[in-house]
Amino acid sequence: MALFGDSNGLLVSLAHNYLDLGWSVIPLQGDANPQKSKSPALLSWRAYQRRQPSKQEITHWFVEEKHSAMAIVLGAVSGVVVLDIDLPERAEEFARSFPELTETLTIVSGNRKLPHYYFSITPELHVPSRRGGSVELRSNGQYVVAPGVCIKGRTWEITNDVPPRKLTELDLRRILNFLHRPHETCEKGA
């Protein structure tokens with residue numbers, strides 16, 4: 001009997017919930033390897049960019065191998081992409097410029113305590129992975145730490161528990177333009 005609960009049982013439950021949403025997941029190194037805590041705990045995770053893991057694989061990873069962290073695989077396989085913002089000023093600027101785009105599933109990262117905005121995508125909408133101005137649009141071939149996961153005592157927490165907003169072509173163009181426009185404080189000469 002565990003005194004403080006079964007964290008691996010929680011991960012199995014979370015993983016099953018994510019599978020039910022249609023999302024692919026992979027185990028991360030987590031606290032077992034603090035230097036590479038957000039790195040995949042698999043030799044290759046390429047297969048999970050094309051398919052969801054089975055419930056047996058989930059059990060193997062989190063019960064038998066006792067991995068302590070997990071990620072959501074992004075892009076077409078899961079039908080979601082994430083806008084990851086790394087500077088508080090850019091997060092404020094995005095929220096001010098596009099308040100309607102912040103009305104989506106939002107996770108606050110455990111490290112920087114800044115938003116990860118989740119968006120659902122349709123198969124016909126091609127969403128490229130892009131980075132610019134301390135903001136990254138994460139898509140195919142990428143992943144993010146899953147909501148509810150704790151690494152080094154820091155938890156990735158849900159702050160807006162609503163379904164991911166369906167990303168339109170217009171929304172995508174606006175996000176890509178935001179990534180490549182100069183930071184407001186830079187424009188003001190700060």
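The values are calculated or read from the model by the stated rules, or taken from the named source; none is laboratory data. Since we're looking at a predicted model, the values are computed, not measured. Heads up, the Cβs are rebuilt from the backbone with ideal geometry, glycines too, and the neighbour counts pull from every protein chain shown. These accessible areas exclude ligands, DNA and RNA; they are computed on the full protein's heavy atoms, side chains included. Shrake-Rupley method; radii C 1.70, N 1.55, O 1.52, S 1.80 Å.
Filtering the stretch 142-157 down to residues that are part of a loop (DSSP other than H, G, I, E, B) and open to solvent by 20 Å² or more (accessible area, probe 1.4 Å), which residue is nearest to V77 (Cα to Cα)?
Among those residues, the one meeting the criterion is Q142.
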Original post:
For the stretch 93-104, what are the residues that are in a helix (DSSP H, G or I), open to solvent by 20 Å² or more (accessible area, probe 1.4 Å) and of a type in the set (D, E, K, R)?
Top reply: R96, E100
Original post:
Looking at (1) small (G, A, S); (2) under 15 Å from Y143 (Cβ atoms); (3) surrounded by fewer than 18 Cβ atoms within 10 Å (Cβ to Cβ), can you tell me which one S13 breaks?
Top reply: (2)
**OP:** Looking at (1) free of Cβ contacts under 8 Å to residues at least 40 places away in the same chain; (2) open to solvent by 20 Å² or more (accessible area, probe 1.4 Å), find the lone condition where P53 falls short.
**Re:** (2)
Original post:
How many residues are under 18 Å from the mean Cα position of the chain (by Cα) and of a type in the set (G, A, S) when one looks only at the stretch 5-46?
Top reply: 8
Subject >> Leading residue by the ranking (most open to solvent (accessible area, probe 1.4 Å)) among those in the stretch 113-141 that are touching a helix residue (DSSP H, G or I) at 6+ places or on another chain (Cβ under 8 Å) and more than 21 Å from V25 (Cα to Cα) >> reply: R131
Original post:
Here are some conditions: (1) more than 25 Å from V12 (Cβ to Cβ); (2) in a loop (DSSP other than H, G, I, E, B). E136 meets all but one. Which one does it not meet?
Top reply: (2)
Original post:
Does I107 count as in a strand (DSSP E or B) and touching a His at 6+ places or on another chain (Cβ under 6 Å)?
Top reply: yes
